[in-house]
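Asks: Structure incoming, see below.
The values are calculated or read from the model by the stated rules, or taken from the named source; none is laboratory data. Note that the structure is a prediction, hence the values are computed from the model and not measured. Backbone-built Cβ (ideal geometry, glycine too); neighbour counts: all protein chains shown.
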Amino acid sequence: ETLDVRGLHVLPGAIDCHVHFRDPGYPHKEDFGTGTAAAAYGGVTTVFDMPNTIPPVGTKEVLAEKHKLAGEAAHVDYGLYGLLGEDTIANVPDLIAGGVIGFKLYMGNTFGKIPSPTTGAMLEAFEVVAPTGKRISLHAETNSIMERRETRLRDFGRIDPLAHLAARPAVVAVEAVSRAAILSEWTGARIHILHISSAAELRPLREAKARGVEITGETCPQYLFLSADDYAEQAGRIRVNPPVREKHNQEPLWAAIADGTIDLIATDHAPHSTEEKTRKDIWTVDCGFPGVETQMPMMLSEVKAGRMSICDYVRLSAFNPARVWGLYPRKGSLTPGSDADIAVVDLDHEWTIEDDKLHSRSKTTPWNGRKTTGLPVHTLVRGRFVMKDRKLIADARGWGQSVHSIQTMPVPSPKNTDQTMVAILQEPKT
Ligand code: DOR
Ligand code: ZN
Ligand code: ZN
């Protein structure tokens, strides 16, 4: 069988290190079958799934169950996050043995209401994870600041869409990023700052990088393309944590992905039902929206428009995520020894995003009606077509594999870790 790719570009498939496929627990929002089908259509060949499913992925039993569900249904490769919460620190060795790609720590409360650990518990968690070399991805919003302000606004009856934005000043994220960076510097734990939404967060990120802290950062299309100006028209559709911010944040975020302060693009694909996204009272609207299928067309449009080169895009979408999680060169590259995870794209293909035609179970995105240029035509995972000529290959269901076993992460050198504390926490259970 030959494939005519004249006029097309062959790229490493994207690695989306931040998706919520809702399986198990919320089948009306998404599952591994629908989520990974959307990924295949979007040129995404590896996804990392977040642990805020039911029950949260904090024990080896729950992790094993999720591996089973994912392995049966996934069209693309996947990593599974383990939850690093106050109650799951002791489970870290079990979760690593059970095959997590990394850990997720919620500094702020969001969908699924995972409680955020105290700073003391965070320090312990970092100390326990540091010597394993695994990376800790952080939802970096400080719960105590966030909840106090939002409760006050709610009590005042301020429920207009803009109140949501006003309730969440960027200091909520800035404080969290700074605190996480200090704990990383102290313990040597590798960390990743998820969904950077504001210009203000870039300062603690840059400063930490300059000090040699093992810290990386991501942003998402919603923070690059949407702003507070869109609340009037979109309302609850763009309700997301962290919130979409004032327009002046956009250019600094674009500059940060150009200068390497922000290492990669992820989507925070967060599907919800139309009913859950369109409730009248904005405070009751579920946060987040799907993005795994639309990231590549949206970013390739920026390549077409001359904002970045195709090499920049591959660095942000594939190369850097693979490096950060120790998957390079099997993933994120097309060099000899790669897995041949490929997105074949037509850089000139004009497309209009239509919610109803997307493959996520969630049909409510802020991107509906948006015109893009550049579309994945074929997607291959480990050399096999999972999407061909814009059609999902039906029997690719179940082809996806967990990537944890190919992960190689050199263990970072210890920094200021209190070795006694680590020894106590890691003492085997008797
Ligand atoms: O908007 C969000 N939705 N932000 C998060 O951090 C979680 C996510 C979800 O799971 O729905
Ligand atoms: Zn988050
Ligand atoms: Zn998320």
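Asks: Which of the residues spanning region 102-144 are part of a helix (DSSP H, G or I), within 16 Å of ligand 2 (Cβ to nearest atom) and farther than 16 Å from Gly82 by Cβ?
Replies: Selection gives Asn143 alone.
Asks: Here is a follow-up. Identify, please: which residue in region 27-62 is within 16 Å of ligand 2 (Cβ to nearest atom) and more than 26 Å from Asn320 (Cβ to Cβ) and is, among those, nearest to the chain's Cα centre (by Cα)?
Replies: For region 27-62, the residue satisfying everything is Thr53.
Asks: Also, I was wondering about something else. Looking at region 287-329, which of the residues that are in a helix (DSSP H, G or I), farther than 15 Å from His269 by Cα and among the hydroxyl-bearing types (Ser, Thr, Tyr) is nearest to ligand 2 (Cβ to nearest atom)?
Replies: Here the residue is Tyr313.
Asks: The conditions are (1) of a type in the set (Asp, Glu); (2) under 28 Å from Ile238 (Cβ atoms); (3) more than 16 Å from ligand 1 (Cβ to nearest atom); (4) at pLDDT 95 or above, and Asp94 fails exactly one of them. Which is it?
Replies: Failed condition: (2).
Asks: Would you check which residues across region 192-218 are aliphatic (A, V, I, L, M), more than 16 Å from ligand 1 (Cβ to nearest atom), surrounded by 21 or more Cβ atoms within 10 Å (Cβ to Cβ) and not in a loop (DSSP other than H, G, I, E, B) and list them?
Replies: Leu202, Leu205, Ala208, Ile215
Asks: Filter region 349-370 for residues that are in contact (Cβ under 8 Å) with a residue 40 or more places away in the chain and not in a loop (DSSP other than H, G, I, E, B) and give the result.
Replies: Of everything in region 349-370, just one residue is in contact (Cβ under 8 Å) with a residue 40 or more places away in the chain and not in a loop (DSSP other than H, G, I, E, B), namely Trp351.
Asks: Please verify whether Leu224 is surrounded by 17 or more Cβ atoms within 10 Å (Cβ to Cβ), more than 16 Å from ligand 2 (Cβ to nearest atom) and either of a type outside the set (S, T, N, Q) or free of Cβ contacts under 8 Å to residues at least 12 places away in the same chain (or both), treating the condition exactly as stated.
Replies: So Leu224 passes the test.
Asks: Related question: For Leu253, indicate whether it is in contact with a Gly (Cβ under 8 Å, 6 or more places away or on another chain), more than 16 Å from ligand 3 (Cβ to nearest atom), in contact (Cβ under 8 Å) with a residue 24 or more places away in the chain and outside any loop (DSSP other than H, G, I, E, B).
Replies: Judged against the criteria, Leu253 is not a match.
Asks: If you don't mind, another one. Name the single residue that is surrounded by the most Cβ atoms within 10 Å (Cβ to Cβ) among those in region 316-332 being of a type outside the set (A, V, I, L, M, F, W, C) and either within 14 Å of Gly43 (Cα to Cα) or without any contact (Cβ under 8 Å) to a residue 12 or more places away in the chain (or both).
Replies: Applying the filter and picking the extreme gives Gly332.
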